[in-house]
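Visitor: My questions all concern the structure below.
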Amino acid sequence: MVECIFTIDYEIYGNGDGSLGELIYEPAERLMAIFRKWNVRFVPFIEVAELEMIETKVTDPAIDLVKNQIRDFYREGFELGLHIHPQWYNAVYKDGRWLLDYGEYNLCILPQERIVQIVDRSIAYLRDVLGEANFTPFSFRAGNWLFQPTQPAAKVLAARGVKVDSSVFKGGRQQQHKLDYRRSEANGYFWRFRDDVNIPNQNGLLLEIPIYTLMVPFWEMATPKRVGLQQKGFSVAQTGKAQLYRFLDFLRFSYPLKFDFCRMTINELTQMMEKIIKNDERDPTSFRPIVAIGHTKDLVDFETIEAFICYLVDKKIKFSTFEKIYGKCV
């Protein structure tokens, strides 16, 4: 059985550039309208650190629209996931630009006390926005997918009621940040984990439901649509060293193609789903939660998104959220 979980990282560019209105509020409104039309839901992963800092420093008047939109999500049954880019919390706004603290880029390598501070602060901000003192995010996605080393961050999240992580993309590797998800390629569509998110552990604290990927020759990543969006969001803060690391990440025969409904063409999306459907037909007893990813800052091709939803409806693929499928996984 196949169920599709659409997720969207709700954020501006990684170096702090861009407006909330253009990169979050307006595209999310259009996406929400499409999903309302089909009476289905997606999971917005709310990047709370940047929103809190933007509100605190009063740098973008659209913050009130964004907060109201988050409340609309909650009222209308969209599952709100927790997404954290911790480099924002020590950020300084100077001469019209954000100077982020890249020393805190990876939440997982910070001291446990600092991880606790950041997670608690993030959840507290979401609760304040929603006006819900007991709100607990059901799912989590790490900034830049960095969920290694897995402990103690996983333990901190689990202790606060988070049940699901969706940071892993099988086959993923980022040499600059020592991220390596290649070992997870041997895993199924979901698994519990404890010490290492790559390694299944039936007594694990959290459930991993990874972003769906397909290993493809690296040159298949260079489609005009994907390259155009990549260049649009290219961070001026990215150093020559960072670019070299990025080149080295691609320097292998096969590369993980994420199931990205913003960056893929309709042919790519349907071809990937056709392979999933064929596998399901060969083994219909297995449960296959398929996580698709997008970013509000990449939301430009709404025609493709609606066409893909039409395709899924025609194929009778169910739309779901992490909370709804959790019981089927555990």
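Visitor: For the stretch 70-118, give me each residue that is buried (at least 21 other Cβ atoms within 10 Å of the Cβ) and among the charged types (D, E, K, R).
Guide: Passing the criteria: only Glu79.
Visitor: Could you run through the stretch 140-167 and say how many residues are assigned to a helix (DSSP H, G or I) and touching a helix residue (DSSP H, G or I) at 6+ places or on another chain (Cβ under 6 Å)? Quick ask: steps written out before the conclusion?
Guide: The initial filter retains those residues of the stretch 140-167 that are assigned to a helix (DSSP H, G or I), namely 143-145, 153-159.
From the residues that got through so far, the ones that are touching a helix residue (DSSP H, G or I) at 6+ places or on another chain (Cβ under 6 Å) too are 153, 156.
Of the residues in the stretch 140-167, 2 are assigned to a helix (DSSP H, G or I) and touching a helix residue (DSSP H, G or I) at 6+ places or on another chain (Cβ under 6 Å).
Visitor: Return yes or no: is Arg127 assigned to a helix (DSSP H, G or I), closer than 26 Å to Leu206 by Cβ, more than 21 Å from the chain's Cα centre (by Cα) and modelled with pLDDT of 95 or more? Lay out the reasoning, then the answer.
Guide: Working: assigned to a helix (DSSP H, G or I): yes; closer than 26 Å to Leu206 by Cβ: yes; more than 21 Å from the chain's Cα centre (by Cα): no; modelled with pLDDT of 95 or more: yes.
Judged against the criteria, Arg127 is not a match.
Visitor: Does the stretch 48-96 hold any residues that are part of a helix (DSSP H, G or I), out of contact with any Ser or Thr (no Cβ under 6 Å at 6 or more places or on another chain) and β-branched (Val, Ile, Thr), and which are they?
Guide: Restricting attention to the stretch 48-96, the residues satisfying the condition of being part of a helix (DSSP H, G or I) are 48-57, 63-75, 86-88.
Okay, now just the ones that are also out of contact with any Ser or Thr (no Cβ under 6 Å at 6 or more places or on another chain), so 49-57, 63-75, 86-88.
If the condition is that a residue be part of a helix (DSSP H, G or I), out of contact with any Ser or Thr (no Cβ under 6 Å at 6 or more places or on another chain) and β-branched (Val, Ile, Thr), then Ile54, Thr56, Ile63, Val66, Ile70 are the ones that fit.
Visitor: Output yes when any residue across the stretch 92-110 is closer than 26 Å to Pro289 by Cα, at pLDDT 95 or above and among the charged types (D, E, K, R), and no when none is.
Guide: No: zero hits.
Visitor: Inside the stretch 73-108, can you point out the residues that are within 18 Å of Ile46 (Cα to Cα), over 20 Å from the mean Cα position of the chain (by Cα) and of a type in the set (Asp, Glu)?
Guide: Glu76 - this is the single residue of the stretch 73-108 that is within 18 Å of Ile46 (Cα to Cα), over 20 Å from the mean Cα position of the chain (by Cα) and of a type in the set (Asp, Glu).
Visitor: Take the stretch 161-187 and flag every residue that is farther than 15 Å from Pro149 by Cβ and of a type in the set (Ser, Thr, Tyr).
Guide: Scanning the stretch 161-187 gives a single hit, Ser166.
Visitor: Which ones in the stretch 145-163 are under 17 Å from Phe135 (Cβ atoms) and buried (at least 19 other Cβ atoms within 10 Å of the Cβ)?
Guide: Leu157, Val162, Lys163
The values are calculated or read from the model by the stated rules, or taken from the named source; none is laboratory data. Note that the structure is predicted; figures quoted are calculated from it, not measured. With ideal geometry, Cβ positions are generated from the backbone for all residues, glycine too; neighbour counts draw on all protein chains shown.
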